[in-house]
Structures are given as structure tokens and as C-alpha cells.
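S.K.: My questions will all concern the structure given below.
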Amino acid sequence: RAKDKGGACYQFYTAAMNAHGNERLRLEADLRRALERGELQMHYQPKMNLRTQAIVGVEALMRWRHPVLGQVSPAQFIPIAEDTGLIVAMGRFALEAACADAQEWRRRGLPPVQMSVNLSPRQLTGATLVSDIAGVLQRSGLDPTLLELEITEGAMMKSPETAAALLHELRALGVGLAIDDFGTGYSSLSYLKRFPLSTVKIDRSFVRDLSTDPDARALANGIITLAHGLRMKVVAEGVETAEQLEHLRSQDCDEIQGYWLCKPMPAEQAYEFMAERRVPLPWQAEVNAVRHQ
Ligand code: C2E
Ligand code: MG
Ligand code: MG
Ligand code: MG
């Protein structure tokens, strides 16, 4: 009968919802212990300057290796960390590890590279951010100008006035500030001027569609021109093909990051990648040939 069917359907639905809820609760419980159990690790994805082809920086990206589930995506665990407030401790860990690794690479003879660390909205509203960052810089001995903090539009726009004041304090420490995933949020362009930003990161969604969608191209080109007009550096994220790279170079984009160059990797591998990369890339010969004509 219809009523029975409805009942069964309802039962099934709640069971599915419970399963979903349980999974999240379980991840949440496990995430609480992940830090102390050493399950969190920073990986690093290099960024390349499009004019010199040198590796000029890396982005630090958090990885969670769950003892049973294996790698859990940041898209899954960062929001949980945000909601529960765990992000504050995790964010401190990320900063501490990233600055220590950057300083270790320097000690081992690598030329200086910029270390970019993501900050979540919750960290921006915390009262201790500026002193936390100052402390991390002091403990690691890293040159503050080599540290960059990546902040999304959304995080800055929650309370723009408070954010602007905080960002000025951070800039006063000497660190760089990047606006992450630019173009996907809802910030007014005037905030680009009001916030003391040093870098704009073009979101992957525009880069992905560069070769197929004239609108994505127009947006990417516009962001580059706008950012340069405001004396900011432009980094394109998610570059996967040579075609995307060539387009970005033709528009004078400063740096790229993406699978075309390499995926994020553990500290030791990132070190080796940078140490070995004095070798020219396949397309470098071509570029040089054109330049020397
Ligand atoms: P994001 O800051 O925009 O980081 C870039 C993301 O794009 C990374 O994903 C990176 O692995 C991915 N990516 C880079 N190049 C390519 C490419 O060519 N193709 C594709 N398909 N993807 C590419 P990931 O590591 O999964 O991180 C996702 C997001 O999680 C980050 O986005 C960031 O918002 C957040 N996140 C990661 N680590 C941290 C952290 O330590 N703290 C905070 N607050 N957020 C973090
Ligand atoms: Mg980022
Ligand atoms: Mg990004
Ligand atoms: Mg992104």
C-alpha cells in the first residue's frame, strides 16, 4: 500500500541521512586527534615565474592521512576544522611546519623561495593571529618577506573593516598577503584598493576554461591588468596545459602553479624538485631561440 511504501521510503531516507551525519561525526572525532597523532602533514606545490622560469615560491597545502580511510581531501576536512574551531590549532601547525621547512631549505642551500600559507576565515577573526605569526617568524628565523598568507575573498568580506585593520598589522610584520581564488567571491573591486594586498591568485575555474571560453579569457586578462595597475603580483592557479601557460604568459601573468609544473608534494620531495631544477625545461630552448632572433 501507498502508506507502507511511504513509510519505507521515509525510513530509507533517514537511514541515509544518518549514515551521512555519522560519517561527518566520525571524521570530526578523528580530526580532533589527528594533530597529536601526527596524521597531518604539509605538502608543497611550487610556483614558477613565467619570465625567468625560476621556481620562486611554494604553496603549503595540508594533508590528512586517516589511519583507516587513507588520504582525506582538504575539501572535506577543512570545513569541519572551520566549524569546530579545530582550524586554529591546525593553522598554527601549518604555519609552524611551513616556516620551519622553508628555513631548512635555505639552510641546505636553496635560493630563497616564498612560502605561501592558507589562512581560513576563523583564523582571521581570532585575537591572536598577529602575535602567532610574529612568534612563528621569530622561532623559525624565516625572513618575514618570504612568508605570504593566502586569504579568500569570502574571509575578508565577512567584516571588511576589521579585516582591513588586521591585514595592515600583518603587512607591518613584513609578510605578503594574497587574495586567493580571486573572481569566485563577491567582493567589490574597491576592496582590492582598500586591503594592503601584494598578490592576486586567479582562480582555477578561469584558468581551466582559458582555451575554450572567451569569457574566461576576458576575465583572466582583466584580472591581470587590474592587479598590475594596482601594483600587485598575479599568480594563476590550476595551470595544467602548455596552452594555458602560453596564454597567461602572453598576458604578462607573473607566476603559475598547477599540475603542468607539478603536484603538491612532501617537503623532502619539494626540496629535491627545486634543487634539481636548474635543468632547462623542454620548452625553454624554444623560448630562448625566439628571444635571441
Ligand atoms: P587553494 O588554496 O585554492 O589551493 C589550491 C588547490 O588546487 C589545492 O587543492 C591544489 O592541490 C589544487 N591544484 C593545484 N594545481 C592544480 C591543477 O593543476 N589542477 C587541479 N585540478 N587542482 C590543482 P587541495 O590541496 O585539495 O586544497 C583545497 C583547498 O583546501 C585549498 O584551496 C585551501 O582552500 C584549503 N586548504 C588546503 N590546505 C590548507 C591549510 O593548510 N589551511 C587552510 N586554511 N586551508 C587549506
Ligand atoms: Mg591557496
Ligand atoms: Mg587558490
Ligand atoms: Mg582554489
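S.K.: Which of 165, 176, 218 sits farthest toward the positive end of the charge dipole of region 131-247, with +1 on the Cβ of Lys and Arg and -1 on the Cβ of Asp and Glu?
M.R.: 165
S.K.: Highest mean first, how do 204-211, 261-268, 116-123, 68-75 rank when packing is the count of other Cβ atoms within 10 Å averaged over residues?
M.R.: Values: 204-211: 19.1, 261-268: 15.6, 116-123: 22.1, 68-75: 10.6.
With the highest mean Cβ count within 10 Å placed first, the list reads 116-123, 204-211, 261-268, 68-75.
S.K.: Taking the Cα-to-Cβ direction at residue 158 and at residue 23 and moving 7 Å from each Cα, how far apart do the two end points lie in nm?
M.R.: For residue 158 paired with residue 23, the spin-label model returns 2.6 nm.
S.K.: Apply the Karplus curve 6.51 cos²θ - 1.76 cosθ + 1.60, θ = phi - 60°, to the phi angles in region 199-204 and return the couplings in whole Hz, x for Gly and Pro.
M.R.: Per-residue couplings from phi come out as 9, 10, 9, 6, 5, 4 Hz.
S.K.: What is the extension gain from residue 240 to residue 52, computed as 0.36 nm multiplied by their sequence separation minus the C-alpha to C-alpha distance, in nm to one decimal? Walk me through the intermediate numbers first.
M.R.: On the way: separation 188, 0.36 × 188 = 67.68 nm, distance 1.91 nm.
Full-extension gain reported as 65.8 nm.
S.K.: Same structure again: Give, rounded to the nearest 20 debye, the magnitude of the charge dipole that the chain has about its Cα centre when Lys and Arg contribute +1 at Cβ and Asp and Glu contribute -1 at Cβ. Mind showing how you got there, number by number?
M.R.: On the way: 33 positive and 36 negative charges, 67 e Å.
Result for the chain is approximately 320 debye, rounded to the nearest 20.
S.K.: Along the charge dipole of the chain, Cβ charges K/R +1 and D/E -1, which of 121, 152, 60 sits furthest on the positive end?
M.R.: Looking along the dipole axis, the top candidate is 121.
S.K.: Within the set 47/233; 233/263; 158/193; 47/193; 47/263, which residue pairs have Cα atoms separated by over 20 Å?
M.R.: Values: 47/233 13 Å; 233/263 22 Å; 158/193 17 Å; 47/193 25 Å; 47/263 10 Å.
Violating the 20 Å limit, Cα to Cα: 233/263; 47/193.
S.K.: Another one. Residue farthest toward the positive end of the dipole of the chain, with Cβ of Lys/Arg at +1 and Asp/Glu at -1: which of 46, 189, 73?
M.R.: It is 73.
S.K.: Which length gain, in nm to one decimal place, applies between residue 82 and residue 194 when the Cα-Cα distance is subtracted from 0.36 nm times their residue separation? Walk me through the numbers on the way to the answer.
M.R.: Working: separation 112, 0.36 × 112 = 40.32 nm, distance 2.61 nm.
The span from residue 82 to residue 194 would gain 37.7 nm if fully extended.
All of the numbers you see were taken from the coordinates with simple rules; none came from a lab. All of these numbers come straight from a predicted model, not from anything done at the bench. So basically every Cβ, Gly included, is an ideal-geometry build from the backbone, and we count neighbours across all protein chains shown.
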